[in-house]
Protein chains: 2
Amino acid sequence: MADQVKEAISRPQRRRRKMQSITMMDVAEHAKVSPSTVSLYLRRPEAVSASAGSSIARAIDKLNYVPNLVAGGLAAASSRAVSIIVPSVRNAFFAETVAAMQTALRKERLQVILGHTEYDEKEEEDLVRTALSWAPAAVVLTGLSHSEATRKMLAKATVPVIEIWELGGVQINTAIGFHHDQVGIASAKHLIHEGRRNLLFLGARMHEDRRARQRCDGFVSAAREAGVKVDMVQHPAPSSAEVGAMLLAEAIEMHPDVDGIACSNDHVALGVLFECERLGIAVPDRLAVIGFGDLSFSAACNPSLSTIRPSGDLIGREAARLIVDHMAGKELERDTSIDTRFTLLHRRSS
Amino acid sequence: MADQVKEAISRPQRRRRKMQSITMMDVAEHAKVSPSTVSLYLRRPEAVSASAGSSIARAIDKLNYVPNLVAGGLAAASSRAVSIIVPSVRNAFFAETVAAMQTALRKERLQVILGHTEYDEKEEEDLVRTALSWAPAAVVLTGLSHSEATRKMLAKATVPVIEIWELGGVQINTAIGFHHDQVGIASAKHLIHEGRRNLLFLGARMHEDRRARQRCDGFVSAAREAGVKVDMVQHPAPSSAEVGAMLLAEAIEMHPDVDGIACSNDHVALGVLFECERLGIAVPDRLAVIGFGDLSFSAACNPSLSTIRPSGDLIGREAARLIVDHMAGKELERDTSIDTRFTLLHRRSS
DNA sequence: GTGAAAGCGCTAACAT
DNA sequence: ATGTTAGCGCTTTCAC
């Protein structure tokens with residue numbers, strides 16, 4: 001009895017608390033169908049009759065209806081957001097992938113939520129935690145090395161996880177990228193093939209950048225295997241042409257007879273080219289140089305920079321494809337990996 | 001009567017449809033308080049008694065509770081997401097700002113939702129539409145020029161809007177950035193001060209990049225005002241060292257007597273430096289060069305590149321600050337703008 | 001300071 | 001093909 005009274009009183013009060021926004025109900029009313037039909041139309045237009053469809057379309061247009069994805073996400077227990085976690089978009093490699101992925105996901109009306117680890121596993125862990133609280137359609141991580149806690153969280157959540165930019169380790173489920181040690185091997189083989197017998201790897205920030213380290217390791221072991229002299233010089237600062245210049249100076253001092261250099265990436269290689277010019281070291285005659293990344297300036301350098309081009313955008317597109325497929329119902333096969341390869345660009349510097 | 005029966009039947013069926021996840025209710029039960037107290041604790045810990053607070057904290061810890069931000073966003077009609085829309089993170093300038101903003105917002109547990117316009121107003125419009133359907137805490141747009149529809153949507157939504165990387169036009173509300181024409185003016189004055197009397201502006205993609213055009217316009221008008229010869233050469237492709245090299249070749253052909261060049265950015269300037277080297281043009285003796293951006297390689301070039309450094313990270317940090325302040329209740333003053341300035345770096349190339 | 005209750009706008013069973 | 005219904009997990013009045 002008391003309940004009935006309460007209901008009678010409270011029901012008509014149903015005031016909208018926030019700003020008057022147009023909801024699916026308004027569209028339904030306008031189109032003279034039920035809200036669920038509108039919902040269905042929005043998600044699978046082909047499942048609705050042509051007449052209902054067109055009147056819904058008209059109502060949406062007229063009312064300028066914008067669906068509330070937050071509400072949708074809550075109801076469906078999964079939002080149309082994909083969380084992408086990279087070391088930093090300041091890094092051109094990851095910027096490329098993020099951009100490609102955003103463009104591809106956008107077409108499926110999926111949003112990109114971005115996070116930066118700054119090469120910190122603990123930070124990554126926090127980012128994953130927050131990411132999960134958005135009930136994302138997928139989580140994309142960079143690399144294969146994560147904290148135990150991160151793995152646990154991801155395992156407990158039932159969200160698909162894709163790891164990018166690294167292959168060859170223990171993966172959570174799906175990985176898209178390439179083998180960085182193979183990059184190093186390819187560089188070494190290339191230099192050796194060009195007749196170089198005194199090799200050096202110049203690396204920046206290798207204590208944090210695991211993938212740079214893998215390239216270095218591949219390089220060194222391939223050189224050793226070929227019975228060629230090889231060493232490595234590194235600097236803890238992030239990659240930059242300045243670090244490259246410093247490293248070259250140091251390298252020449254320590255190894256005056258070096259005749260082939262591979263760099264952890266093209267930023268470093270660019271610095272090497274500049275410093276060679278300053279020191280009067282002829283490239284490639286006395287010293288061959290190869291980088292990694294094929295950055296915007298690499299082809300235009302003087303001499304043009306030999307380098308290895310990873311396919312950052314392909315990684316992004318493939319990741320997007322997998323996510324879209326998964327949302328369409330296709331299961332991700334367990335433990336698959338997609339090798340996006342890389343290309344060695346033989347230019348003037350080697 | 002019938003209703004009562006129905007209720008009696010349906011109530012106990014309350015099955016969880018999706019994966020068993022720990023909710024605020026579980027935490028409440030565990031801590032022996034009501035859900036609303038948990039909610040309050042999460043948002044304003046100081047408003048909850050110490051004893052309740054600590055037992056809630058313990059429960060959260062024990063259960064490993066992760067709040068569902070989607071549900072929170074729906075209930076509060078505003079999510080802890082900030083939509084950032086830039087031309088592309090492939091562009092180092094915007095990558096810098098996005099990274100800085102993400103880092104700053106992260107500390108306040110705000111998420112970044114990223115969108116790329118690729119310099120397309122129509123695309124921006126779509127991105128804003130989708131962005132709004134997330135009920136974001138704020139929307140950040142690049143530049144001051146947007147479609148009418150974009151403006152209308154943004155006006156209707158009550159979300160705070162911040163425009164970045166451009167000052168000096170009609171703004172929606174708050175703008176953070178600097179005056180690009182002043183960059184052009186500063187470059188021209190600098191070259192003139194260095195004794196140059198035959199100036200040229202080399203620009204890439206200026207039909208799409210409004211801000212590059214503003215820099216160009218400022219440059220040209222400042223030179224004219226000073227009574228100095230000036231012209232402009234452009235190429236529709238996106239900025240790159242290759243385009244820079246091409247533009248320089250073209251420039252020298254059309255204006256053999258040019259002695260001072262400003263470039264739409266450092267990518268182009270780098271190409272100019274390389275091409276000068278190839279053509280045997282002495283920099284800065286015969287030709288002074290200044291760029292824009294102070295990119296990673298600019299200081300290490302040979303000769304080091306004079307350039308103008310915008311503060312992309314400051315723009316990001318300021319935007320984040322405003323958003324955080326706004327969420328704390330501080331109103332955004334209407335029509336304010338924050339000038340983050342720029343710095344001219346006089347190096348060896350001029 | 002704490003709790004009860006009423007939604008936020010949508011999706012997804014299920015029934016028709 | 002369409003409608004009915006019951007939540008999704010949280011925030012937010014409003015009483016106490």
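The values are calculated or read from the model by the stated rules, or taken from the named source; none is laboratory data. Keep in mind it's a predicted model, so treat the numbers as computed, not measured. Don't worry about glycine lacking a Cβ; one is built from the backbone with ideal geometry, like all the others, and counts go over all protein chains shown.
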Condition check: surrounded by 19 or more Cβ atoms within 10 Å (Cβ to Cβ) and assigned to a loop (DSSP other than H, G, I, E, B). Does A:E166 satisfy that? yes
Count of residues meeting criterion [among the acidic types (D, E) and out of contact with any Gly (no Cβ under 7 Å at 6 or more places or on another chain)] in segment A:211-268: 6
Scan segment A:111-127 and tell me whether some residue there is within 23 Å of B:T97 (Cα to Cα), among the hydrophobic types (A, V, I, L, M, F, W, C) and in contact (Cβ under 8 Å) with a residue 60 or more places away in the chain. no
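Among the listed residues A:R211, A:R196, A:R215, which satisfies the condition of being within 25 Å of A:L345 (Cβ to Cβ) and not in a helix (DSSP H, G or I)? Walk me through it before giving the result.
Details: A:R211 fails: not in a helix (DSSP H, G or I); A:R215 fails: not in a helix (DSSP H, G or I).
One residue alone meets the criteria, A:R196.
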Would you point out which residue out of B:L127, B:L141, B:L132 is touching a strand residue (DSSP E or B) at 6+ places or on another chain (Cβ under 8 Å), facing chain A (nearest Cβ under 10 Å) and under 26 Å from A:N91 (Cβ atoms)? B:L127
Go over the candidates A:V140, A:V128, A:V161 one by one and state the one that is over 19 Å from A:L332 (Cα atoms), under 15 Å from the mean Cα position of the chain (by Cα) and more than 16 Å from DNA strand D (Cβ to nearest atom). A:V128
Considering only residues that are of a type in the set (D, E, K, R) and away from chain B (no Cβ under 11 Å), which ones fall in segment A:277-289? A:D285, A:R286
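Only one of A:F274, A:F292 is of a type in the set (F, W, Y), away from every other protein chain (no Cβ under 14 Å) and buried (at least 21 other Cβ atoms within 10 Å of the Cβ); which?
Numbers: A:F274 fails: away from every other protein chain (no Cβ under 14 Å).
Sole residue among the options that is of a type in the set (F, W, Y), away from every other protein chain (no Cβ under 14 Å) and buried (at least 21 other Cβ atoms within 10 Å of the Cβ): A:F292.
Considering only segment B:93-114, how many residues are out of contact with any Phe, Trp or Tyr (no Cβ under 8 Å at 6 or more places or on another chain) and either β-branched (V, I, T) or within 7 Å of another protein chain (Cβ to nearest Cβ) (or both)? It would help to see each step written out before you state the result.
We begin by selecting, within segment B:93-114, every residue out of contact with any Phe, Trp or Tyr (no Cβ under 8 Å at 6 or more places or on another chain); these are B:95-96, B:98-110, B:112, B:114.
Going one step further and asking which of them are either β-branched (V, I, T) or within 7 Å of another protein chain (Cβ to nearest Cβ) (or both), we end up with B:95-96, B:98-99, B:102-103, B:109, B:112, B:114.
Within segment B:93-114, residues that are out of contact with any Phe, Trp or Tyr (no Cβ under 8 Å at 6 or more places or on another chain) and either β-branched (V, I, T) or within 7 Å of another protein chain (Cβ to nearest Cβ) (or both) number 9.
Which one is farthest from B:T142 (Cα to Cα), of the residues in segment B:81-92 that are over 11 Å from the mean Cα position of the chain (by Cα) and within 9 Å of chain A (Cβ to nearest Cβ)? Full working, then the answer.
The initial filter retains those residues of segment B:81-92 that are over 11 Å from the mean Cα position of the chain (by Cα), namely B:81-82, B:90.
The next check asks that each one be within 9 Å of chain A (Cβ to nearest Cβ); those that pass are B:81, B:90.
Details: B:A81: 17, B:R90: 14 Å.
So the residue we want is B:A81.
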I'd like to check something: does segment A:317-340 contain any residue that is closer than 30 Å to B:V272 by Cβ and over 16 Å from the mean Cα position of the chain (by Cα)? no
Taking A:A59 and the conditions (1) near DNA strand C (Cβ under 10 Å from one of its atoms); (2) surrounded by fewer than 23 Cβ atoms within 10 Å (Cβ to Cβ), which numbered condition does it fall short on, given that it satisfies the others? (1)
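Looking at A:A57, A:A75, can you tell me which residue is more than 8 Å from every other protein chain (Cβ to nearest Cβ) and within 8 Å of DNA strand D (Cβ to nearest atom)?
Values: A:A57 fails: within 8 Å of DNA strand D (Cβ to nearest atom).
Testing whether each residue is more than 8 Å from every other protein chain (Cβ to nearest Cβ) and within 8 Å of DNA strand D (Cβ to nearest atom) leaves just A:A75.
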Identify all residues within segment A:220-251 that are surrounded by 18 or more Cβ atoms within 10 Å (Cβ to Cβ) and more than 24 Å from A:L295 (Cβ to Cβ); write none if there are none. A:A223, A:V230
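How do the helices (runs of 4 or more DSSP H) wholly within segment B:20-118 filter down when requiring 3 or more residues that are hydroxyl-bearing (S, T, Y): which remain? I'd like the intermediate steps shown before the answer.
Values: elements: B:24-31, B:35-43, B:50-63, B:69-76, B:92-106.
Counting at least 3 such residues, we get B:35-43, B:50-63.
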Matching residues, segment B:222-280, being of a type in the set (G, A, S) and either part of a helix (DSSP H, G or I) or outside the structural domain of B:L200 (by TED's automatic domain parsing) (or both): B:A222, B:A223, B:A241, B:G244, B:A245, B:A249, B:A251, B:A269, B:G271
Any residue in segment A:38-65 that is touching a residue at least 12 places away in the same chain (Cβ under 8 Å) sitting within a Cβ distance under 8 Å of a residue that is within 9 Å of DNA strand D (Cβ to nearest atom) and not in a helix (DSSP H, G or I)? List the pairs, counting only those 6 or more apart or interchain. A:Y41/A:V48; A:A52/A:V33; A:S55/A:K32; A:S55/A:V33; A:I56/A:V33; A:I56/A:V48
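Going by the structure shown, is B:P303 farther than 20 Å from B:L144 by Cβ, more than 12 Å from every other protein chain (Cβ to nearest Cβ) and either within 27 Å of the chain's Cα centre (by Cα) or not aromatic (F, W, Y) (or both)?
Numbers: farther than 20 Å from B:L144 by Cβ: yes; more than 12 Å from every other protein chain (Cβ to nearest Cβ): no; either within 27 Å of the chain's Cα centre (by Cα) or not aromatic (F, W, Y) (or both): yes.
For B:P303, the condition - farther than 20 Å from B:L144 by Cβ, more than 12 Å from every other protein chain (Cβ to nearest Cβ) and either within 27 Å of the chain's Cα centre (by Cα) or not aromatic (F, W, Y) (or both) - is not met.
In segment A:172-186, is there at least one residue being assigned to a loop (DSSP other than H, G, I, E, B) and farther than 27 Å from A:D231 by Cβ?
Taking segment A:172-186 as the starting set, the residues that turn out to be assigned to a loop (DSSP other than H, G, I, E, B) are A:172-173, A:178-179.
Remaining after also requiring farther than 27 Å from A:D231 by Cβ: A:172-173.
For segment A:172-186, residues assigned to a loop (DSSP other than H, G, I, E, B) and farther than 27 Å from A:D231 by Cβ: present.
Considering only segment A:115-124, state which residues are within 9 Å of chain B (Cβ to nearest Cβ) and buried (at least 22 other Cβ atoms within 10 Å of the Cβ).
Here is the first cut: in segment A:115-124, the ones within 9 Å of chain B (Cβ to nearest Cβ) are A:115-116, A:118, A:123.
Answer for segment A:115-124, where residues must be within 9 Å of chain B (Cβ to nearest Cβ) and buried (at least 22 other Cβ atoms within 10 Å of the Cβ): A:G115, A:H116.
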